[in-house]
Every structure is written in C-alpha cells, then in structure tokens.
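Here is the structure we will look at.
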Amino acid sequence: MSSGEGSSQPSSKKSRQPKYSRFTQQELPACKPILTPGLVVTTFILVGVIFIPIGLLSLSASERVVEIVDRYDEDCIPSDQEKTAFIQSDKTNKTCVRSLTVPKKMQHPVYIYYQLDNFYQNHRRYVKSRSDKQLRNPENEDLTSPCEPEARIDNKPIVPCGLVAWSLFNDTYGFSVRGMNLSVNKKDIAWDSDKNYKFGSKVYPKNFQQGSLIGGGKLDEKIPLSEQEDLLVWMRTAALPSFRKLYGRIEQDLEANEKITVVIQNNYNAYAFGGKKKLVLSTTTWIGGKNNFLGLGYITIGGLCLFNATTFIVMYLIKPRPCGDPSYLSWNRNPPGN
Amino acid sequence: MKRCVYINDDDLSHDIYCDNRISNRKYTVWNFLPKNLWEQFSRFMNQYFLLIACLQLWSLITPVNPASTWGPLILIFAVSATKEAWDDYNRYLSDKKANEKEVWAVRHGVKKHIQAQDIHVGNIVWLRENDEVPCDLVLIGTSDPQGLCYVETAALDGETDLKTRVIPSACMGIDFDLLHKVKGLIECPEPDKDIRRFDANLRLFPPFLDNDVCPITIKNTLLQSCYLRNTEWACGVAVYTGNETKLGMTRGVPEPKLTAVDAMIDKLTGAIFVFQLVVVMVLGVAGNIWKDTEARKLWYVEYPTKGPWYELLVIPLRFELLCSIMIPISIKVSLDLVKGLYAKFIDWDNKMVDQETSTPAHAANTAISEDLGQVEYILTDKTGTLTENQMIFKRCCISGTFYGNEIGDALKDEDLVNAVATRSPDVIHFLTVMAICNTVVPIQRQNGTILYKAQSQDEEALVHAAAGLHMVFVKKNGNVLDINFNASVIQYEVLDTLEFTSDRKRMSVVVKDCQSGKLFLLSKGADEAILPCASTGQQTRTFSEAVEQYSQLGLRTLCLAWRELEEDEYQEWSLMFKEANSALVDRDWRIAEVCQRLEHHLQILGVAAIEDRLQDGVPETIETLRKAGINFWMLTGDKQNTAIQIALSCNFVSPEPKGQLLLINGKTGDEVRQSLERVLLTMRITSSEPKDVAFVIDGWALEIALKHHHKAFMELALLSKTAICCRVTPSQKAQLVELLKSCEYRTLAIGDGGNDVRMIQQAHIGVGISGREGLQAARAADYSIGKFRFLKRLILVHGRYSYNRTAFLSQYSFYKSLLICFIQIFFSLISGVSGTSLFNSVSLMAYNVFYTSVPVLVNVLDKDLSERTVMQHPQILFYCQAGRLLNPSTFAGWFGRSLFHAIVVFVICIHSYAFEKSEMEELSMVVLSGCIWLQAFVVALETNSFTILQHLAIWGNLVAFYVINWIVSALPSSGMYTIMFRLCRQPSYWITMFLIVVAGMGPVLALKYFRYTYRPSKINILRQAERLGGPILSLGNIEPQSRAFEKEVSPLSISQPKSRSPVYEPLLSDSPNAIRRSFGPGAPFDFFQSQSRLSSSYARNCKDN
C-alpha cells in the first residue's frame, strides 16, 4: 500500500508535464550535517587548540611593544590659575618641560602619538562638518554648505572649512636626550591616499582661523593641504572618544633608562570639556601598538572552547543519549490522536 | 428594475446602455501612476518607509545619504508597479483582441462586418459555427429547422459538454431573409452575474407576430465567451454588452488571502516598531540631556546656545532614522521572491502530475504556500473529490428481480440479457427510461460510433448501459429521439422536460410514442423523491429494500418510474406548465409546483445502481493526514448512509470499537437541540479517551443548529476532530468553513465542482481537483491538483517546507537588521548620543539589499527532513501547525541572538581597534565585515541541508563582500578609498574576524548542541534517525499497518477486496452535476437560496406523506 507518490513515480516524462530536473524537483544532492557529539566536541577542541597559540603569539607581540605614556594636561598648567582662561590667553607662556624615562630599549622607529581622551571626534555635528570636495579641488572652494558653523567668514569661504579642520590639534613636542635634540620625522605620518587623492595639492588654506573664535591650530597658507600632514592626520576622524594620532617618528633607538626631555607647547584646550592629553612614545610589532585585548581574547575564548569540549565529553560519558532514538517521539509512546 | 431592449432599433437604444467594449483593466495610462501609488501606499509598511525616506531628505537629521532608503524603496515600488503594469497591459491586449474581433451584425437593416466593440444593445448579431459569442444574446434564429443550436460553455462554467439552446417560440419559423428585419421588445432584468438564470419576455412587433408575450429563459440565450458548435449559424439580439454581460459581471478580483505566517510577521513587525519607538524615545531624551549637559562644553562642536524651535526634536528624529533599519525593507521583496519559488516548486513537481490526464499541479495563488503547512481542518467534498466521479452502471433491480452480483455487473448478467431478449415489458420500459429520460445529446462520429454528451455522469452511465443492452439512443433530431432497439428504430417525441433541480431531486420527460401516439411520463430520481409518488397500491417495499442494499454496498441508486398519460390530462397540465415557465417571479418554485402535479401515480419500474469508485490512495492519504493532526470534515450533498459508508472506507473514522459515530438529527428545533446536547455530553466524556469520535449531521439539522444553537454547535466543532455533514448546500458548506475560521482554525477546503466554489473561496486555502467535473472549482481555487492523493504531498512536503523556510527567512531578516541596528545604537552611546552613523550609506544599503539577502534566499532549497521521513512521520507537521518555528518566543531567541552578536562584534571591534587604530572608516569596515562573517556562519549553522547552491551562496557571498569592497576601495571618489586594502593587509584585522566568529558562534553552537542532544525536538530526533538510516524508520510503519488490519476485521467494513479500494457510494440524492449547475457563484445566490428553502420544505413534506 504505497500511497500516492509511489504510484506516480515511475513514469515521469510526458509532454505537458513539468520538466524534470533535480532543481525543480528539489532533489539536488545535499549533505545534511548533524550535530553529533563527535563533531561538536572536535570542533570545540580544534578551535581551542588553534586559538590558544594564536592568543599567546598576539599577547607576546603586544608585550614586546615598549610604550611610554605621559599625561601632561594637568601638570602643564600652573595650579593656581584658572585652566580655561590660561589656555585661551595669548599672553601666557604655555611651554612645559616633561621628563620621560625609557623603560626598555626602544628600537627605531619610535612612534610619537598624542592621545586625547574624552574628545568626541565622532560627534555627529563634528564628523559631518567638513567638505571633502573642497579639500580635493580648488575649484570647489565655495562648496562649504556642510561645514556649518565654520563655513564662511565675512562671506568668504574658509579653506579648509568645517569644525574638524577648525579644531586642529596644535600642541607641539620637542625631544632631547642627554641634551641632544632628537629629530622628529613628521614626513609620511598621514595616509598616502589622503595625500595623493583626498587632499588636493593645489588647495591652499584660505581665511583659516580668521574668525573671532579661534579653534585650534593655524595653517601655513603657502603650503598646499596635501602637505599639511598634521591636518591630514587630524581629519581622519577617530571613531572612539579616546584616540591616538600620529605626531611623528623618532628615527633612532632609545636605550633603556634613558631620560628624554620633552618640551611641550601646551596650546590645545582640552580643559574646557574635561579632556585628557597624553604623549605616547611607542614601538610597533606585527600586531600594531600595545594592545593586549586580542591576545587575551583569544586565550579566553580558546580556553572556553576547551572547557566546553570537556564538559560535553563529561556529559556524554555520564549521561549518554542515544542519537535519533524514535522512542523519544511522543507519538510512538502515546496512542495516536493525542 | 427592468431593462427594455428594442430589437434592431438603431436610434433609441444607443445612448442608454454601454457598448460592447470589454475592459478588464484596472488602470488607464493616465491614472496608472497615482492609482498604483495610492494602492501601494495604503499598506502600512510602505507608508512607514516613505515617511522614513522623506525624513531622510532633511540633511540636519539624516545619518546617511537619503539614497540608501530611496534606492531600495523606489526599486521595490518600481518592481511591483512594473508587475501591475505588465499584467494590466496583457489584460489590455487581450481586451483589445476581443474588442476588435470582426463580427457580423445588422446595421440599418443590412448585415455588416463590424468590430465586436461596436455592438450595441438591441443589435442583431450573426454567428457561424465555432464562433465565439461576443456578448449576451437572445437567440432568434438558427440554421436548425427546430430552432436548436449547441453551445460549449467551457469558458463560462468550465463544463466541457455541449448544451442545447433553442430559439423562443415566438421566433419559430421566421424566414432567414426576414431575420435581420425583426423588430420587437425584450424585457429583461438588470445585468447580474447568475449564469443559470435569465427570466425575460419577448414581444415581437408586427408584422411578425401577434402581441403574444413569449417567455425567455437561459435556454434561449447565448452567453458571452461560449462557442457555437455543431450548428451552421445562429443569430441573436444583444441584451447585455461589454462589462455588463453575465461573464463581465462575474469578473472581479477576489480578496487577497493573508497567511498565518504573514499575520505573525505583521505582528512581530508591530512589536519591533514599538520597540523601535521606545529606543528612539530613550535615546532621544538621553541625547538631549547629554547635549545640554555635556555637548555645550565641547567647544569644538560649537553648539549654539539657542537653537531653533524644533531643536528638541532633532536628536529623537535622528535616532528614528538610525533605527529605521530595524524593520527590514527587504523582507517584503525577499518573501515575495521565495513565495513565488514555492509556488513554482508545486507547479514543477513531477510527483504531483496526474498520469491519466497528465495535468500537473498548479498554484494559482503564489502567496499562501506556508499556510498549507499550518492546516488544521480539511473540509472535503465527496463526489469527485474522494471518489473518481466516473460512473459505471453496476446493478439493477427491475420489478423485484435483482440483476448483477459480486462477480459481474448487471450488463453481464445472463438473466437480464435473456429478459431483454424475451422482451419482458418491465425490462423494456426500464431500458427505455434509462435511454431517453435525460438530456443527453448523441453525436454520430465518423467511424459510426456514438458519442454521448451528457450534463451528468449518471445519465451518461445509464445511456451507455442501455446501449449495452441493445437499447441504443442513436439520434436526437430536435425533439424527436431515435432509439435503435434490436435493429428496429423506435421514435419518440419529447414534449416537455421537467428538469432536475436539487430540491425536486428527480427529473421527468413527457414523450409521445410516434408510432402509437401514446403519451408517457418517464421519471427518474432519488428514492425519496420517486417512491412517495408511486401509484396507490403498488408495493414499494422491494424497491426501498433494494435501495438500502445497494447503499450498503456503497452504490449510488436511482429509481426509475413511468406512467401513461391521458391526452386531456396532458393538455390541461401543459397550459399550466407554459404559464409557470413564463412567470417572471418565483419561476423555479412555480415550475416545481406544476411539475408535482404531473408526477404522481407513477409506476415504479426499478432501481438502478451506479458505482462511483474511490480514487486511488484516498484512504492512505486521509490516514496520513489524520496522523499529521489534521481534522477532517466531510461535507457532502449525499445522504447519511452513503456518507458514513464512504467515511468508513476511506479512514475518515475508525470502525468500532475504536471509533464512534454520534448522530445529530431531528426535524424540529427541540429535537435537534436535544440530540445536540446528547452528542455534546458524550463528546465531553470521551474527549479524554483516545477514541475516534465523529458526529454526523444532516443539512436540515445543521440549518437549525447553526441558527438557534450556534454556541453549542461551536463547542461541538471544537471538540470533535471528525464530522460528516450530509445533504448540505453550497452555502452551508461555506458557513461551516466560516464557523471553523471563526474558531481561529486554519482551514483547507477541497472540492471539484461548482458547488464547492463558495467553500473553496471562503477557506484559508482552497484546493480544487481538476477532474472530470470541469474546471470551475480548480479555477476558483488557490491550488489545483489532479487527484485527491496529491493533497498529502501538497501539505506534508510543500506546505511544511514552505513554512519552515519562511519561518527562518523572516526571522533571519529581522535578526540581521536588528544586528546592524544594535551596533548603531551602541556606537551612538560612545559618540555622545548624537546619532552618528557608524556605517556609510553604501555599506548600509548593500548590507540590507545584497550581502544579507542573497545567502538567505537560497534557503528555499533547505530541507530539514527528507520527504520520505515526513511521509513516514506525518505527526511532525505539528510543529508547523502549532507555529512552533515562528512565534514570539522563537523570535525572542533571534532577537537575543542579534543583541548578543551585536555586543560581540562591537566590543571586540572597539577594543582591538582602539587608540591609534580607531579611525572611523576603518572601524566601520571592520564592524561591517564582522557582521558579514557572523551572518555567513549563522546561515550555515541554521541550514539543514547543504546543496552546492547553498555553499555557493553562503561562502560566495563572503567572497563577494570582499571583492565588492575591494572594487569600491579602488575608486578614489568613494569615501572608503583604499580602506579595504589597508585592512586586509593587517594581521590584526583577520585575527579580529576570527575572534568575532568564534566568540559569536561558539555559544550559539554549544546551546544548539545541548538542545539538540538533551532537549531534542521531534524534528531533531528524526534528523538523527534519518542519518542513522534503516531500521528505525520502519518503526513508524508498524502502526499504520496494524490499523489497516483492524479495519479489515471490523464489522462495518465492506466485504470488498481492499486492494481495489472499491468503495461505492449510493446515489447522491441529487445528481452531483445538477446541483452544481443550479448555483452560480456570488450575490444572486442568496436570492436563490431564500427560495430554495421554501421549496426544500415542500420536498420534505412530499417525502413524509
């Protein structure tokens, strides 16, 4: 008593009938993987076994990075003065001398970053306030509409316009070791794509920082934008409120326990909004700067995978469950109709 | 209201009625755009997306380029508008073809070739053989000297037999040359869509005839879209034209059906919408607070101290736009696509092709395949649906002698052959009634054989049987019938035909023997309609016993009777009959009454029994579907015994002692109430036992129960899994469907004839059997299949897969939208709650439209269990019926998963891309690729069966993501110039990706494995069993076999060999065709119903006396 489909199966080719193909009959060969204990445990073990070494590798790479972080915003301000007033004043002397100790030998190139905390470069109002067309092409210098409120001054277009450029970071650092000036290489700190394409080599700053309200740094009007690498770095907006931006490179090794004297021009106002400013010197490895997250993450996840695998093995041993036992089907236990 | 048609009047009628221009179009060139847009925007989802798209035009608040919403929106609109336009254009073309067809019509007294669209009401139109009728005509002349012509009405009602049409008596004998000069007046009703009725009057103006009013019925008309056959020419007066014809009035688009899955998706969409509003409110308030407390301190943002008046709204609106992707814009398109494919799979299925007629299954409604998997009740017709509706004359009882037995049918019974040879008068009369008491048209074929064109299968069977016994009906020449009996020709003239109606349950003809001039009344009909009319003194007991015996065998029975008429009696009656026939009001009822006056004192000749075999595989199909938890109700016009017999033989109810039948009957309200209460009580008691309880109710009791005891009946309907409703009318069938629908059940109605159309249209899913009864049901249905047994495959395979696939697809669509949306929300928490979008417009659009849509579309090939396993364990359908795979709790699972994945992706990305790497564009691409990687693995994990296409789509999509982004990154003008190249060169990027995948999928996999092994669902167990193969599967087979065994020992079962499935059904009290014929779908039906109630009570009285 094979029912319907049995009797109609054998001859399936007639003129009016649908064309037979494995696709139309939904009969494409398929593999149906099943979550067997073996498969799942193997997967977890395999992942664990691969992940832990990678984690260790990443962690060691990250540990090899030598990093000096110095927060200077608090200390570079006379404690008796009102901070915002001090930083906004033209007359105050904002030079500040810091002394750093190299903990371990730092192989060149040593990257110099400035780090800003609690600075929302990703704020919507901020991030949108730029005109990429204007930056690219001198003919587009009037395209300042997205740049509000730093678009025009006395109805003349500002180049580069917008809040991003206007708030250009302008602290400067000078380094010396044992009385000798360390030369800071500020070439090629920006992305090549920015220099070659995004910022035009014929676009010169115009009317920049001319308003009553001065934001951040000023630009040399004789140098085209594509060569103003500090600006280029700054205008690559950061996604997180705490970020580092490349300031330059020191092209020589720094020995352990060497004292580095840094002369900081503390110009940038991070006090108004409770931001922090830090100077960071760091070497780099294949994984980038110092960041233990990936390594720790890999080790944790790998460990958890192994733990999972063991749990599943133990569960399997204690309470073996036969696979695909139809006695678990309720309708095989109870009479039908329920 | 009446319509007056002046025949052949060129001036008057022109301006009153519309011309014959047919228009099925929904739109014109001018109103297409506004009308189509209006229709599309009447849907909530579209309004929502339009609002979002409009808000995005405001650059102050838009997080992304407006194109990212406008693009898909316009695409979606364009696609559905194009589809509409294309359909409409095709309709226009076919209309145009019909409108510009050349026809012969009379203009100013001259026959002219004109276009069909220029026909006006009152024009005389000429047709030649095989011409299509261009509008509704009243016949006034044909080539036939008797004024007959034949039409094929297949396009109108799907019936393929030829029907006879006759010119009104007033037009008899008008010369061919004079026909186009005829003038007159036709009074006819306003246009309606009842293709069975046309009650009008004709009066010809002088000089043609006197002022006699001549009645016109549907028999005098040629309706639009019929074909003229076997007739050289015919001509008629146009009475209804253009869209006012009977066909034109029946046109209309049925209400679109909404599946349970769609309703659930809508509900979930609503929930997400509310959730979105909450998120928007919270973030909006938080954003405003943060702005006022923190952002004003940020000098580099330069917030003005005093903003515009709408300042408070800006941030909430930004979040609204940011969160608008929570409701996936692509879901509608994706669902439409896959639903189209489900329907195609049904059309393509080789295993649902009826080998006999090579008709494939067809899904006319492409949108409701998921509902097939959620069916809870199947309401089925009997004749033609469960049975083959191929009638064969099997046995007969002529004046007390039984012919035919188990070995052979009556035709081969030597006793009968001998009786014919010896010209036993009773037998001869019996055969005569069989041969001529009908409306069959014999057609001589070239090779000498005769083809019978009959309206009812019963009549055809009888005529064939008579021919087999040498009483051959050879020719029908107008009213004169030629019978060839043992090489001698006997001629009869048919004087009147007392037609069959479902209320009268019998038909008669008055014939005159041309040799002797004697008048006879020949009748045939259901036993309860014929036996009470027997002449006093005649013993009818033998006949009722014969009927009883044949019913027990499952045969359909017909009683045959005759009476000789006196000339005077006939003449007197004939006048009354004519009068009744020309009545404009209550014509049916009056005819029935007049007919009754003649049909009495009949001499019963005998009982004919006709077999209607059960279709192949019906018992197995019903058994399987019942095991799948689907409840069956049988709704039939047949009588109780027959219905119960059929029900038993096709596994509808289990035989005693496992099954129990409870009868509800009664003639009065009180009786019905008592009976109903008794049954209810039994039901309540037995509902805890594993017993198969079914109730049986007939149409009369049902009528009372539905009207006066609606509540009790409702409870009964809820309690009982099986029901047999006999003698129900089409509208009662529809009422029952409505009743079950009101109890929130998913219903499927299956039928094959015109009397099932209402039920089919009413049910959530209508299935038509494209069988012998024409295509009426199949046309009205959402699905048409060749045989009942394909229903099993339609539901268990196609319905189940469709439901599973849609359940995954829809939830996944929400998952991926929520994933990206949660990430946006998290990002806004670290960007000063200002509503910054982490992703750029292009990526967002591509994510929704492309990256996440393609892999999941291939999910239409996914099969969790093989077809064989599902067939063996139909109980698994429960998961679909109960909506276990798509409901708020599974949705909550997906919601949680998207939240978890969003956290994983976001936390890992912002930590591994912190400090010097935290560049906006880079982070955005890292997060996006994290999402893409995760979704590839989510789809892979949720896929049950991988075909090559799935692998291609899932992994190919991942590759395509990189290729596309490399291409975009290579374009200097794009925002993300060089970004992807930079990222792919960093080892930490790849390390981050793998960390995301493992951290995101690890817990999901572990949880799934745990559930799969320790809390397995039935589907999981079967999957495992399927993998292990062999012996376990057979376990499921034991049960049905044991049940089949039980059945054979049951006392009620029929003693026929099981393998033939020869379940017979006694004759339907009404010929199945005729009842179908008497009801047209739609509005006039109700009108008709109210009358038929009157007459049905009269029929009952007649039976009782």
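Which of (1) in contact (Cβ under 8 Å) with a residue 40 or more places away in the chain; (2) crowded, with 21+ Cβ neighbours inside 10 Å does residue A:226 not meet, given it meets every other one?
(1) is the only condition that residue A:226 fails.
Just to verify a result, which residue in the range A:280-298, among those that are assigned to a helix (DSSP H, G or I) and open to solvent by less than 50 Å² (accessible area, probe 1.4 Å), is farthest from the other protein chains (Cβ to nearest Cβ)?
Filtering first and then ranking leaves A:295.
How many of the residues in the range A:132-155 are more than 13 Å from chain B (Cβ to nearest Cβ) and under 19 Å from residue B:299 (Cβ atoms)?
1
Please find, within the range A:153-178, the residue that is modelled with the highest pLDDT out of those that are open to solvent by 10 Å² or more (accessible area, probe 1.4 Å) and touching a Ser or Thr at 6+ places or on another chain (Cβ under 6 Å).
That would be A:176.
Output the residues belonging to the range B:349-375 that are assigned to a loop (DSSP other than H, G, I, E, B), within 14 Å of chain A (Cβ to nearest Cβ) and open to solvent by 10 Å² or more (accessible area, probe 1.4 Å).
B:355, B:356, B:357, B:358, B:360
Select from the range B:379-396 the residues that are farther than 21 Å from residue B:607 by Cβ and aliphatic (A, V, I, L, M) and list them in ascending order.
Listed by number, the residues that qualify are B:379, B:386.
State the number of residues belonging to the range B:376-393 that are modelled with pLDDT under 90 and surrounded by 24 or more Cβ atoms within 10 Å (Cβ to Cβ).
Here the count works out to 9.
Which condition number does residue B:1007 fail, the rest of (1) at the interface with chain A (Cβ under 10 Å from one of its Cβ atoms); (2) modelled with pLDDT of 85 or more being met?
Status for residue B:1007: all satisfied but (1).
Inside the range B:963-992, can you point out the residues that are of a type outside the set (S, T, N, Q), more than 11 Å from chain A (Cβ to nearest Cβ) and touching a residue at least 24 places away in the same chain (Cβ under 8 Å)?
B:964, B:968, B:980, B:983
Within the range B:542-553, can one find any residue that is open to solvent by less than 20 Å² (accessible area, probe 1.4 Å) and part of a strand (DSSP E or B)?
Scanning the range B:542-553 turns up no residue that is open to solvent by less than 20 Å² (accessible area, probe 1.4 Å) and part of a strand (DSSP E or B).
In the range A:179-212, which residue that is open to solvent by 60 Å² or more (accessible area, probe 1.4 Å) and touching a helix residue (DSSP H, G or I) at 6+ places or on another chain (Cβ under 8 Å) is farthest from the other protein chains (Cβ to nearest Cβ)?
A:204
Going through the range B:714-741 one residue at a time, which ones are without any contact (Cβ under 8 Å) to a residue 60 or more places away in the chain and open to solvent by 40 Å² or more (accessible area, probe 1.4 Å)?
Passing the criteria: B:714, B:715, B:718, B:719, B:735, B:738, B:741.
Give the residue, chosen from B:111, B:35, B:101, that is under 24 Å from residue B:127 (Cα atoms) and without any contact (Cβ under 8 Å) to a residue 60 or more places away in the chain.
B:101
If we scan the range B:484-506, do we find a residue that is farther than 27 Å from residue B:594 by Cβ and open to solvent by less than 40 Å² (accessible area, probe 1.4 Å)?
yes
Residue A:277 - would you say it is away from chain B (no Cβ under 13 Å), not aliphatic (A, V, I, L, M) and not in a loop (DSSP other than H, G, I, E, B)?
When the stated conditions are applied, residue A:277 passes them.
Go over the candidates B:696, B:672 one by one and state the one that is over 30 Å from the mean Cα position of the chain (by Cα), farther than 30 Å from residue B:574 by Cα and open to solvent by less than 10 Å² (accessible area, probe 1.4 Å).
After ruling out the rest, the residue left standing is B:672.
Among the residues of the range B:262-306 satisfying the criterion of being closer than 30 Å to residue A:116 by Cβ and aromatic (Phe, Trp, Tyr), which is nearest to the other protein chains (Cβ to nearest Cβ)?
Across the range B:262-306, the extreme among qualifying residues is B:300.
Pairs, please: C-beta under 6 Å, at least 6 apart or cross-chain, first residue open to solvent by less than 30 Å² (accessible area, probe 1.4 Å) and in the range B:406-423, second modelled with pLDDT of 85 or more and in a helix (DSSP H, G or I)?
B:419/B:427; B:420/B:427
Name the helices (runs of 4 or more DSSP H) wholly within the range A:34-131 that hold at least 1 residues that are open to solvent by 30 Å² or more (accessible area, probe 1.4 Å), within 14 Å of chain B (Cβ to nearest Cβ) and polar (S, T, N, Q)?
Result: A:37-64, A:83-88.
Sort out which residues of the range B:978-1002 are open to solvent by 50 Å² or more (accessible area, probe 1.4 Å) and under 22 Å from residue B:899 (Cα atoms), and write them in order of number.
B:994
Mind checking which residues of the range B:965-977 are open to solvent by less than 30 Å² (accessible area, probe 1.4 Å) and more than 56 Å from the chain's Cα centre (by Cα)?
Of everything in the range B:965-977, nothing turns out to be open to solvent by less than 30 Å² (accessible area, probe 1.4 Å) and more than 56 Å from the chain's Cα centre (by Cα).
For the subset of the range B:184-200 comprising residues that are buried (at least 18 other Cβ atoms within 10 Å of the Cβ) and not charged (D, E, K, R), which member is farthest from residue B:237 (Cα to Cα)?
Here the residue is B:195.
Report the residue count in the range B:460-483 for those that are crowded, with 19+ Cβ neighbours inside 10 Å and assigned to a loop (DSSP other than H, G, I, E, B).
1
Considering only residues that are surrounded by fewer than 23 Cβ atoms within 10 Å (Cβ to Cβ), assigned to a loop (DSSP other than H, G, I, E, B) and either touching a Gly at 6+ places or on another chain (Cβ under 6 Å) or not basic (Lys, Arg) (or both), which ones fall in the range B:863-890?
B:866, B:882, B:883, B:885, B:887
Per-residue answers, yes or no, for (1) farther than 30 Å from residue B:976 by Cα; (2) within 14 Å of another protein chain (Cβ to nearest Cβ):
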{"position": "A:230", "(1), (2)": "no, no"}
{"position": "A:233", "(1), (2)": "no, yes"}
{"position": "A:241", "(1), (2)": "no, yes"}
{"position": "A:246", "(1), (2)": "no, yes"}
{"position": "A:261", "(1), (2)": "yes, no"}
{"position": "A:264", "(1), (2)": "yes, no"}
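The values are calculated or read from the model by the stated rules, or taken from the named source; none is laboratory data. All values reported here derive from a predicted model rather than from experimental measurement. A quick note on method: Cβ atoms are made from the backbone with ideal geometry, for glycine too, and the neighbour counts reach across all protein chains shown. Note: accessible area is taken over every heavy atom of the protein model, side chains too, but ligands, DNA and RNA are not part of it. Shrake-Rupley method; radii C 1.70, N 1.55, O 1.52, S 1.80 Å.
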